[in-house]
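A short worksheet on the structure shown next.
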Number of protein chains: 2
Amino acid sequence: MEEQNNKLKFIALSGTVSVTENLYIYEHGDEMVILDCGVGFPDIEMYGVDLVIPDFTYILKNQHKLKGIVISQGHEDHIGAVPFLLNELKNPGKIEIWVAPLVNEFLQDKFEEFEIKGVKVNIFNPDTDIFSVGKFTFNPFRVTHSVPDSCGFAIDTPQGRVFHVPEHKMDQNPVDNMPFDRSKAERLASEKEVLFLASDCIGANKDGFTENERPIEQNIEKVARNAKKAIYFTAISSNIGRFQQAINVAERLGKKVCFVGRSVQRKCELANKLGYLKYKRDTVVNLREAQKKNLQDIMYLIAGCYGQVGSSLFRIATGDHNRLTIDEGDMVIFSADPAPPYTKESEDFVIDNLIDMGVDVHYYDLDEGLYVSGHGKKGDITELFKITKPKYFLPIGGTVRFMHAYKKLVSECCGNEDQVFMLKPGDVLEFFDGKVNRGKSIPVKEVLVDGHGIGDVGKIVLSDRKTLSEHGVVIVIVKIDVKSGKIRKDPEIVSRGFVFEREEKQFLMTSAKSLKNYLNKKGKVDRRSAKFLTVDFLNEHFFKETARRPMVIPVIFQE
Amino acid sequence: MEEQNNKLKFIALSGTVSVTENLYIYEHGDEMVILDCGVGFPDIEMYGVDLVIPDFTYILKNQHKLKGIVISQGHEDHIGAVPFLLNELKNPGKIEIWVAPLVNEFLQDKFEEFEIKGVKVNIFNPDTDIFSVGKFTFNPFRVTHSVPDSCGFAIDTPQGRVFHVPEHKMDQNPVDNMPFDRSKAERLASEKEVLFLASDCIGANKDGFTENERPIEQNIEKVARNAKKAIYFTAISSNIGRFQQAINVAERLGKKVCFVGRSVQRKCELANKLGYLKYKRDTVVNLREAQKKNLQDIMYLIAGCYGQVGSSLFRIATGDHNRLTIDEGDMVIFSADPAPPYTKESEDFVIDNLIDMGVDVHYYDLDEGLYVSGHGKKGDITELFKITKPKYFLPIGGTVRFMHAYKKLVSECCGNEDQVFMLKPGDVLEFFDGKVNRGKSIPVKEVLVDGHGIGDVGKIVLSDRKTLSEHGVVIVIVKIDVKSGKIRKDPEIVSRGFVFEREEKQFLMTSAKSLKNYLNKKGKVDRRSAKFLTVDFLNEHFFKETARRPMVIPVIFQE
């Protein structure tokens, strides 16, 4: 076969530069496999946008080649965009998906939300199974990460064996008891020459190994023992190991556990179903039961650890939750470090609001040992280099700075910089006969999606518009009277591409009045609270009134 | 004298909640003294706004009482708003200001920039002087901080002695050789009962003491020894100690030093004049001379350590500096941690841009020991508690979370929580006969000022408008063609309160075209680069064309 048709193409469609939004394509001749299909998170100034998804243009143009989708783990930045892709494919019933058991549960839950039916999902056992997708054969092996059933793969391609490890730590004693399967990875690497290693680079500028997470449990207990009233514990909803630790503590302290927020509730239930999250039969109670108990007998596991606008924790901190209120003397435990600049501002807003209400808040800055990253560091990364001994190195899952750090690491540890290929979104590598060339890059953009309320507000509205400009941009200028902390004048709302001109004026005027009334009910507002509350209110208001979700940009003045 | 006229009022006009923007008022009867008068920094979404200043309304209404302004140290968040206040006072020539020698130099430099004349400035020696402002007597003592000549004060008021320490570390061996004067503070505290301590709380949630900064020098040297071409070293311009360390390294390595950016150049020259910054006569060269040298013989000390839009470093990283270009193989050393969320995004943009150009960048995440905070931690704070033994505690210079942490610290260390008073901007405490009450709060707002270009673009334009709305808001919607990375359509510009309606349309259309041309000259742009470049361009463009500076809000789409 001539070179052109026998080349292996590796396409970093997205997942480099943006950290999240993982989507890689393996392509050979007329066959194509997708590895991971995740969402990203919006920039801080894209208020009202909740998700960014990869640009599927190339996949849709070549969908006749698509043999299947393989998912490495259950985080949103690896599986979150699957429903969006399936909805765009002409014949989604033709596509098979391969996932480990917990990922299957998360995926089926998504399919239910998005009302997707008839997709064939194959569940593989990461310890024992080997599976083929077209001419690609996948040998999964376990890696340590912050969600159970996370995998790396040794993939046999027509151009040789490659290793693809989206995230990993080497820790051999994780809370979920699913450590990096070192002996299997070593065996897979020793069987054949490894053409390339595509692996996570985000820890490539941090010395040492990522710490073991077991001590977190005793740190949670130490904090929780001092709770005077109810405890609210929050972490990323997929961090099953962390919730296990919180539940262990609750059980030891004789507290009941109550899940608040759809994402936490569903993910914990699904993990429990598989036996990955264990609790006594009577430990978990529903919200109605919880509210009958004494406050000190309850630990809420609550969604919204980044203070996301509209999340359960956000609503509690702003006094807007319809069933739950938090009070002075209650305790909130954050087991999540913010990822600045994306989430820090909203997390800080929620933390400060809670502290101001007299809540005893335990958060990232206090160094109480309540959080460990799911990502490896230099030590974890170089171990993988040594296990796989690849010919080429492809840093993935990190921005420019991490790719450069990974490149340096290769040269320090086991190779030279020429062996490293840094890919930006859409970049293509072509492998043939052990050699590699850069192919023609594919133009890709960030696709903005409104997934507002995913995981928390129940039923999802799928608005898979191509760009936000279709739903428009609304700029709201709010002026706070500084003496009273109240809004005196109706806010001014400027819109572009949102509602029809004829109807616009009246509607925007009414909206402005509603916003004013809402903010004035909140007591005194300042610039920061007015900003977040404005976005939360208008997101809901516009959708209720127009079934559309424009990007809301607040501009707040005091006068 | 009856109680009403004999009360001591302590007014936290600003400086709590916002960390920066320090301004405290001591008032008794018909006399009022201001302690510190600093600027704050804008929120991340306030593009085009460079400064936030305190709300002077209360001061202006009571200016007949104002006896003087005392400044504790030379950072912008302590002295930056002095010119703005003086410009608003009816009779600024009547007001006296008290400062230590370096603060005087920084202040005189500001007066020159702002063309302020005839203000009486008294220079005090922090080691030996005592001075009175009206009926308040100030006993300064040195504190360790990140700028030389930083002071705390024991103030004798008609209601007793109080301690006011805006920032401090206890470190006895700082680079500037001006350590916290422990014995003087102890003496001042032992002479009289201390009514209250108002002191910095921002480290109150961090264990231990802030580390000594001397080891930074050898870390800079370690990094600098590996430089293959030119070195660019950046830090906050007032961090004289850090520049001293960089210069020491440059001299040991036989390199010349060149200041780039007005703020760094002026501050270093002024510190040198006082003997606080020392270098050999031939060490410092100007830019023209520097550019004649071999690259490896030059260390630039450059402004813009937070990647501020429009700063020298920003312009170099975007290829827009008119005299200087940076190339592959050059080295940039950041001795500044970003203060998220305010500065992280722009600092990261500059770092990533430089790394992408092949520059060897040493920045906060690499943990190379290139930075130590100027703020104390729990240990530093509790030492001050123990030295002063006050009746009441007033946490200042930190947000809600730090005030609460400080309160907790008091109860853990040497008192109980009832002794602590947390003040939000505008809050008033009234002291009489050893007792304290909360007075009626003063309504205050954040005043947005355009100080664009301070320190870097030379001559300053003073636009001390009351609120930004007077200069207007401009929203720019830029659409990037994702295939080419170019702007195809003219950006859409929506403005409010910026230019007159009649002239508006044509002017905004021309501006949009100019912006398009500018961005298209930059090669491929993505969302992030388009955002920052748009703001930088329009800031300059609007000012050149209209002598006004609207707030520029970029909304970037890819299509």
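Structural remarks
- Taking the range A:395-427 as the range and being among the aromatic types (Phe, Trp, Tyr) and either open to solvent by 40 Å² or more (accessible area, probe 1.4 Å) or more than 17 Å from A:Phe10 (Cα to Cα) (or both) as the test, the residues that pass are A:Phe402, A:Tyr406.
- Test: residue in the range B:364-387 that is within 14 Å of chain A (Cβ to nearest Cβ), of a type in the set (Asp, Glu) and touching a residue at least 24 places away in the same chain (Cβ under 8 Å): yes
- Residues that are open to solvent by 10 Å² or more (accessible area, probe 1.4 Å) and assigned to a strand (DSSP E or B) within the range B:143-160 comprise B:Asp156, B:Thr157, B:Gly160, listed in sequence order.
- Flag if A:Lys222 is surrounded by fewer than 20 Cβ atoms within 10 Å (Cβ to Cβ) and more than 23 Å from A:His375 (Cβ to Cβ): yes
Residues checked against (1) open to solvent by less than 10 Å² (accessible area, probe 1.4 Å); (2) in a loop (DSSP other than H, G, I, E, B); (3) at pLDDT 95 or above; (4) over 25 Å from B:Val350 (Cβ atoms):
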residue: B:Lys228; (1), (2), (3), (4): no, yes, yes, no
residue: B:Ser237; (1), (2), (3), (4): no, yes, no, no
residue: B:Phe243; (1), (2), (3), (4): yes, no, yes, no
residue: B:Ala250; (1), (2), (3), (4): yes, no, yes, no
residue: B:Gly254; (1), (2), (3), (4): no, yes, yes, yes
residue: B:Cys258; (1), (2), (3), (4): yes, no, yes, no
residue: B:Ser263; (1), (2), (3), (4): no, no, no, no
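- The set of residues in the range B:265-276 that are of a type in the set (D, E, K, R) and open to solvent by less than 50 Å² (accessible area, probe 1.4 Å) contains only B:Lys267.
- Near pairs, Cβ below 7 angstrom, 6+ apart or cross-chain, from the range A:480-493 (in a loop (DSSP other than H, G, I, E, B)) to any residue that is surrounded by 15 or more Cβ atoms within 10 Å (Cβ to Cβ) and of a type in the set (S, T, N, Q): A:Val482/A:Gln558
- Test: residue in the range A:207-217 that is among the small types (Gly, Ala, Ser) and surrounded by fewer than 20 Cβ atoms within 10 Å (Cβ to Cβ): yes
- Count - residues of the range B:428-449 that are open to solvent by less than 50 Å² (accessible area, probe 1.4 Å) and either away from chain A (no Cβ under 14 Å) or modelled with pLDDT of 95 or more (or both): 8
- Flag if A:Lys522 is modelled with pLDDT of 75 or more and more than 14 Å from chain B (Cβ to nearest Cβ): yes
- Extreme residue, farthest from B:Glu269 (Cα to Cα), among residues of the range B:124-134 that are surrounded by fewer than 17 Cβ atoms within 10 Å (Cβ to Cβ) and either in contact with a Pro (Cβ under 6 Å, 6 or more places away or on another chain) or without any contact (Cβ under 8 Å) to a residue 12 or more places away in the chain (or both): B:Ser132
- Scanning the range B:353-365 for residues that are open to solvent by 20 Å² or more (accessible area, probe 1.4 Å) and closer than 28 Å to B:Gly40 by Cα yields B:Asn353, B:Tyr364, B:Asp365.
- Here the range A:277-301 is the region considered, the condition is being open to solvent by less than 90 Å² (accessible area, probe 1.4 Å) and assigned to a loop (DSSP other than H, G, I, E, B), and the residue that is nearest to A:Val260 (Cα to Cα) is A:Asn286.
- Residue list for the range B:179-202, filter: outside any helix (DSSP H, G or I) and either hydrophobic (A, V, I, L, M, F, W, C) or outside the structural domain of B:Leu23 (by TED's automatic domain parsing) (or both): B:Phe180, B:Val194, B:Leu195, B:Phe196, B:Leu197, B:Ala198, B:Cys201, B:Ile202
- Taking the numbered list (1) touching a Phe, Trp or Tyr at 6+ places or on another chain (Cβ under 6 Å); (2) in contact (Cβ under 8 Å) with a residue 40 or more places away in the chain; (3) of a type in the set (Asp, Glu); (4) within 12 Å of another protein chain (Cβ to nearest Cβ) in turn, A:Asp337 passes all entries but (2).
- The single condition among (1) farther than 16 Å from A:Ile302 by Cβ; (2) within 8 Å of chain B (Cβ to nearest Cβ) that A:Val361 does not meet is (1).
- Filter result for A:Glu328 (touching a residue at least 24 places away in the same chain (Cβ under 8 Å), over 30 Å from A:Leu519 (Cβ atoms) and among the charged types (D, E, K, R)): no
- Hey, A:Phe138 within 27 Å of the chain's Cα centre (by Cα), aromatic (Phe, Trp, Tyr) and surrounded by 24 or more Cβ atoms within 10 Å (Cβ to Cβ) or not: no
- Of all residues making up the range A:537-559, the number that are surrounded by fewer than 22 Cβ atoms within 10 Å (Cβ to Cβ), of a type in the set (D, E, K, R) and away from chain B (no Cβ under 14 Å): 4
- Scanning the range A:499-518 turns up no residue that is within 14 Å of chain B (Cβ to nearest Cβ), in a loop (DSSP other than H, G, I, E, B) and either at pLDDT below 90 or surrounded by 18 or more Cβ atoms within 10 Å (Cβ to Cβ) (or both).
The values are calculated or read from the model by the stated rules, or taken from the named source; none is laboratory data. Quantities reported herein were computed from a predicted structural model and do not represent experimental measurements. As a convention, Cβ positions derive from the backbone with ideal geometry for all residues, glycine included, and neighbour counts pool all protein chains shown. What goes into the accessible areas is simple: the full protein's heavy atoms, side chains included, and nothing from ligands, DNA or RNA. Shrake-Rupley method; radii C 1.70, N 1.55, O 1.52, S 1.80 Å.
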